[in-house]
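Trainee: The following block contains the structure, expressed as structure tokens.
The values are calculated or read from the model by the stated rules, or taken from the named source; none is laboratory data. Source: prediction; values computed, not measured. All Cβ positions, glycine included, derive from the backbone under ideal geometry; neighbour counts span all protein chains shown.
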Amino acid sequence: MTATTNQPKPYIVAERVCKSFGAHQVLKDVSTVFHTGEVTVIIGASGSGKSTLLRAINRLEPHDSGRITIDGVDVCDDLATLQRQRCEVGMVFQQFNLFGHMSVLDNVTLAPRRIRRTPRTQANDEAMQLLRRVGMQDHAHKYPWQLSGGQQQRVAIARALAMQPKVMLFDEPTSALDPEMVKEVLDVMRGLARGGMTMIVVTHEMGFAREVADRVMFFDQGRIAHDAPPQEFFSNPANDRIRAFLGQVS
Ligand code: ADP
Ligand code: MG
């Protein structure tokens with residue numbers, strides 16, 4: 001292999017992104033690059049802007065100024081662009097947000113059928129493969145209320161994967177779970193990372209960050225205050241605020 005083929009490819013680029021809610025500036029000149037195949041863990045105190053950044057990437061919350069591009073294309077309100085980018089970007093939330101009136105299988109096949117126009121039999125086959133990947137193949141015909149939180153979150157991951165995204169955003173995917181269910185969800189995420197998925201994960205699970213992340217980013221009051229490989233990040237916290245934060249969550 002030549003050196004150039006090993007170059008990580010910039011996939012999502014944020015340049016001086018700002019966002020305010022009223023007088024409260026929540027993102028302050030956030031600039032960073034997320035590369036293809038990279039797993040980034042974002043940590044930081046509640047209210048520091050972590051979710052807002054993920055939501056800006058997915059255009060669930062438009063930013064005020066600065067620029068975000070996905071694979072070189074501006075995140076913007078043009079409908080065709082928005083729809084294409086939403087297919088490329090999978091998102092998993094703290095509250096699993098499954099459709100309560102639909103079976104697990106229908107939750108997973110809905111978007112491919114509606115948006116990609118995948119025929120039902122093909123969508124079902126692909127969904128079953130994904131459900132197998134998250135260990136939920138035996139629950140395909142159940143409804144969300146019949147599942148534990150951990151099972152619902154694994155279905156939510158399968159549902160996001162069904163659109164064949166190029167990047168997965170996770171916003172505190174285990175924070176609403178009982179402790180005994182955290183591992184089964186983190187195991188699925190570990191598998192995804194091992195498979196080369198580009199991931200941006202907001203989490204307080206420091207074990208996951210140490211083990212799986214390529215880089216750990218610390219958000220502080222709307223800014224990326226530190227960004228380093230996990231070994232460096234955890235062995236030698238760059239400042240007192242990080243040390244204090246790690247003291248609270250570890
Ligand atoms: P984090 O995910 O790091 O906890 P958020 O990005 O959710 O932080 O929020 C950052 C700040 O922005 C918080 O003070 C929050 O209250 C505020 N905020 C987030 N969303 C909204 C909104 N839709 N309207 C007003 N304020 C908001
Ligand atoms: Mg948040």
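Trainee: Scan segment 77-89 residue by residue and report those that are of a type outside the set (S, T, N, Q) and touching a residue at least 12 places away in the same chain (Cβ under 8 Å).
Mentor: So in segment 77-89, the residues of a type outside the set (S, T, N, Q) come out as 77-80, 82, 84, 86-89.
Within segment 77-89, 77, 82, 86, 87, 88, 89 qualify.
Trainee: Here is a follow-up. Suppose we keep only residues that are closer than 23 Å to residue 11 by Cβ and more than 16 Å from ligand 2 (Cβ to nearest atom) within segment 210-224. Which one would you say is surrounded by the fewest Cβ atoms within 10 Å (Cβ to Cβ)?
Mentor: Checked segment 210-224; the qualifying residue surrounded by the fewest Cβ atoms within 10 Å (Cβ to Cβ) is 211.
Trainee: Follow-up. Just to be sure I understand the filter: pairs with C-beta atoms under 6 Å, separated by 6 or more residues or on different chains, first member in segment 42-71 and under 12 Å from residue 223 (Cα atoms) and within 9 Å of ligand 2 (Cβ to nearest atom), second member modelled with pLDDT of 95 or more and of a type in the set (Val, Ile, Thr). Which pairs pass?
Mentor: 49/26; 50/42; 50/202; 52/26
Trainee: From the set of residues in segment 45-57 that are more than 12 Å from the chain's Cα centre (by Cα) and within 6 Å of ligand 1 (Cβ to nearest atom), which is surrounded by the fewest Cβ atoms within 10 Å (Cβ to Cβ)?
Mentor: Residues of segment 45-57 more than 12 Å from the chain's Cα centre (by Cα): 45-49, 52, 56.
From what is left, the residues that are within 6 Å of ligand 1 (Cβ to nearest atom) are 46-49, 52.
Working: 46: 8, 47: 13, 48: 22, 49: 24, 52: 21.
For segment 45-57, the residue satisfying everything is 46.
Trainee: Out of all the residues in segment 205-243, which are under 16 Å from residue 171 (Cβ atoms) and at pLDDT below 95?
Mentor: Once the filter is applied, which keeps residues that are under 16 Å from residue 171 (Cβ atoms) and at pLDDT below 95, segment 205-243 yields nothing.
Trainee: Under the condition of being over 22 Å from residue 49 (Cβ atoms) and polar (S, T, N, Q), which residue from segment 153-191 is nearest to ligand 1 (Cβ to nearest atom)?
Mentor: Among residues in segment 153-191 that are over 22 Å from residue 49 (Cβ atoms) and polar (S, T, N, Q), the one nearest to ligand 1 (Cβ to nearest atom) is 153.
Trainee: Do any residues in segment 184-211 that are outside any helix (DSSP H, G or I) have Cβ atoms under 7 Å from those of residues that are of a type in the set (Asp, Glu), where the two are at least six apart or on different chains, and which pairs are they?
Mentor: Here the result reads 198/38; 202/171; 202/172; 203/172, each pair linking segment 184-211 to a residue that is of a type in the set (Asp, Glu).
Trainee: Take segment 32-41 and flag every residue that is away from ligand 2 (no atom under 16 Å from the Cβ) and in contact (Cβ under 8 Å) with a residue 40 or more places away in the chain.
Mentor: As a first pass, look at segment 32-41 and keep what is away from ligand 2 (no atom under 16 Å from the Cβ): 32-39.
Result: 32, 34, 35, 36, 37, 38, 39.
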